[in-house]
Amino acid sequence: MAGRRRGWFRASGTAQNNEWVQQARQALTTAFLDMDKRQSIAEAAVAASAALFPERGMAARWDVVRARCYGASGAYLALNDRLDQAERDGTRIAQPEIDSVVRGLTEAAGGVDQFYRGNQAHLEHAVAVYGSVPQLIAQVRAQGQQQLAAVAASPYAEYPSVRHATAAVNEGLVTLEAAVSAGSGRSGRDAATRLETLLRELSTALEAAPAKQHSATTAIASAATRLDAARNRVERVAPAMSGLLREFAAASSNDLANNERQAREAVAAADADLTRARAALAANDPEDALDLTSTARAQLATAEERAETVTDRLALLRQVRDQPADRAKAVRFKLRDAQMLAVNKGVVPQWGSVLDAQSERLERAAAGLTGHHPDYWAYVSELDAISAFVAGVVDRMRNTDR
């Protein structure tokens, strides 16, 4: 009986020890699982941030928090091993030691919470964006293949705008696949976003293509009308130059000596561009036709400017010759306004003498209109220079109190 009683007492003691171990283990495991769950959520969010927004430096800040979790986990695992041993040996571990490990796990979990709450908006955004990347990639990849198939079946596939946009989409698809293979979330997202833009550009090119034949036809007709008008303007250059040379000092037209030649060259170049544009249109290449027409328009603008400079100069000098005082009167009026502004703003010491000097320039310019053929162009140029100078002074005076 005595032996049997000793066996009962040992069994009872072992059961009590096992119960104590299980309670300790449960407290530790609950604390550990709570910390581990929080750590896993934060870890995934930090990984998303590091993949998409490495410039935020979230991974480096997380390292400190994670190290604390690793330390608490290590203490938990070590104590678990000792609990197993204690269960086998029937020994006990001091409750303060168990409480210390539980406290370490709880504090580590609290550190995770503090880190997460402090960066919650960014971390949740990173998780959402990172989670959408695979879907985005699959979506744009499918759109790319569909768009390329549409191009292959399109009668406008050889238009330069469509060809260039198609080549860009093909390159975008290659870049996307490379990013996916590299496993870079940020590169994958960036490549997918870039491909979305390229697909929109290709879609726009395809949508615009059907109207280009009509646009090119209209543009060529309009440019041809403008070409005829430019030719008429050029025909007026020689008589205008003759008038300038007969009626005014040679200095009034020296800078226009090459205008007729330059205008005729520009007209001829525009004519050649339009001929090539018509040929491109006939060959079902309206985009090239539009480009050539644009070049022709630029040449026509040059021709018009060269021709009109001569005819306008003649008209201007005749007007000034008939009423030379009118132009000076307008400049004098501006000068008087500037002088009044200087008085009103109290800046006469700074600007009074400067404006007075412009009045003297006006008088000298008017006095220079002498002789059989006064240099009216020099007169106009001087008045324009005075007017521009006075305008600059007015601007500076108005800005003095800002």
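Here is a list: Gln358, Gln350. Which entry is farther than 30 Å from Glu247 by Cβ, among the polar types (S, T, N, Q) and outside the structural domain of Ala251 (by TED's automatic domain parsing)?
The unique qualifying residue is Gln350.
State yes or no: is Gly185 modelled with pLDDT under 90 and surrounded by 15 or more Cβ atoms within 10 Å (Cβ to Cβ)?
The answer is yes for Gly185.
When the residues of region 170-225 are filtered to those that are touching a helix residue (DSSP H, G or I) at 6+ places or on another chain (Cβ under 9 Å) and of a type in the set (Lys, Arg), which remaining residue is farthest from Gln145 (Cα to Cα)?
Among those residues, the one meeting the criterion is Lys212.
Give the residues of region 344-369 that are farther than 21 Å from Arg327 by Cβ, small (Gly, Ala, Ser) and part of a helix (DSSP H, G or I), sorted by residue number.
Hits for region 344-369 are Gly352, Ser353.
Could you count how many residues in region 250-271 are outside any helix (DSSP H, G or I) and of a type in the set (A, V, I, L, M, F, W, C)?
1
Could you say whether any residue in region 75-86 is within 30 Å of Ala179 (Cα to Cα) and exposed (fewer than 13 other Cβ atoms within 10 Å of the Cβ)?
No - not one qualifying residue is present in region 75-86.
Count, please, the residues in region 204-223 that happen to be charged (D, E, K, R) and surrounded by 14 or more Cβ atoms within 10 Å (Cβ to Cβ).
Qualifying residue count for the region: 1.
Out of everything in region 370-386 that is buried (at least 16 other Cβ atoms within 10 Å of the Cβ) and touching a residue at least 24 places away in the same chain (Cβ under 8 Å), what residue ends up being farthest from Leu245 (Cα to Cα)?
Restricting to residues being buried (at least 16 other Cβ atoms within 10 Å of the Cβ) and touching a residue at least 24 places away in the same chain (Cβ under 8 Å), the top hit is Ile386.
Is it the case that Ala178 is part of a helix (DSSP H, G or I), of a type in the set (Gly, Ala, Ser) and either assigned by TED's automatic domain parsing to the domain that holds Ser49 or modelled with pLDDT of 90 or more (or both)?
no
Exactly one condition in (1) of a type in the set (Asp, Glu); (2) closer than 30 Å to Ala149 by Cα; (3) surrounded by 16 or more Cβ atoms within 10 Å (Cβ to Cβ) is not met by Asp271; state its number.
Every condition holds for Asp271 apart from (2).
Only residues that are farther than 15 Å from Gln39 by Cβ, part of a helix (DSSP H, G or I) and modelled with pLDDT under 90: list them for region 55-80, please. First the steps, then the outcome.
Quick first cut of region 55-80, residues farther than 15 Å from Gln39 by Cβ only: 55-57, 60, 78-80.
Still in the list and also part of a helix (DSSP H, G or I): 55-56, 60, 78-80.
Hits for region 55-80 are Glu55, Arg56, Asn80.
Do you know which of the residues in region 188-236 that are among the charged types (D, E, K, R) and within 24 Å of the chain's Cα centre (by Cα) is modelled with the lowest pLDDT? Write out each step before concluding.
The first filter runs over region 188-236 and keeps only residues among the charged types (D, E, K, R), leaving 189-190, 194, 196, 200-201, 207, 212, 226, 228, 231, 233, 235-236.
If we keep only those that are within 24 Å of the chain's Cα centre (by Cα) as well, we get 189-190, 194, 196, 200-201.
Values: Arg189: 79, Asp190: 82, Arg194: 89, Glu196: 87, Arg200: 93, Glu201: 93.
Among them, the one singled out is Arg189.
List every residue pair whose Cβ atoms sit under 8 Å apart, with the two residues 6 or more apart in sequence or on different chains, where the first one lies in region 197-213 and is part of a helix (DSSP H, G or I) and the second, anywhere, is among the acidic types (Asp, Glu) and crowded, with 19+ Cβ neighbours inside 10 Å.
Pairs that qualify, where the first residue is part of a helix (DSSP H, G or I) and the partner is among the acidic types (Asp, Glu) and crowded, with 19+ Cβ neighbours inside 10 Å, are Lys212/Glu287.
Could you figure out which of (1) farther than 30 Å from Gln213 by Cα; (2) touching a residue at least 12 places away in the same chain (Cβ under 8 Å) isn't true of Gly172?
Gly172 satisfies all of (1) farther than 30 Å from Gln213 by Cα; (2) touching a residue at least 12 places away in the same chain (Cβ under 8 Å) except (1).
The values are calculated or read from the model by the stated rules, or taken from the named source; none is laboratory data. Here the structure is a predicted model, which is why all the values come from computation and not from measurement. Here the Cβ is made from the backbone with ideal geometry for all residues, glycine too, and neighbour counts use every protein chain on show.
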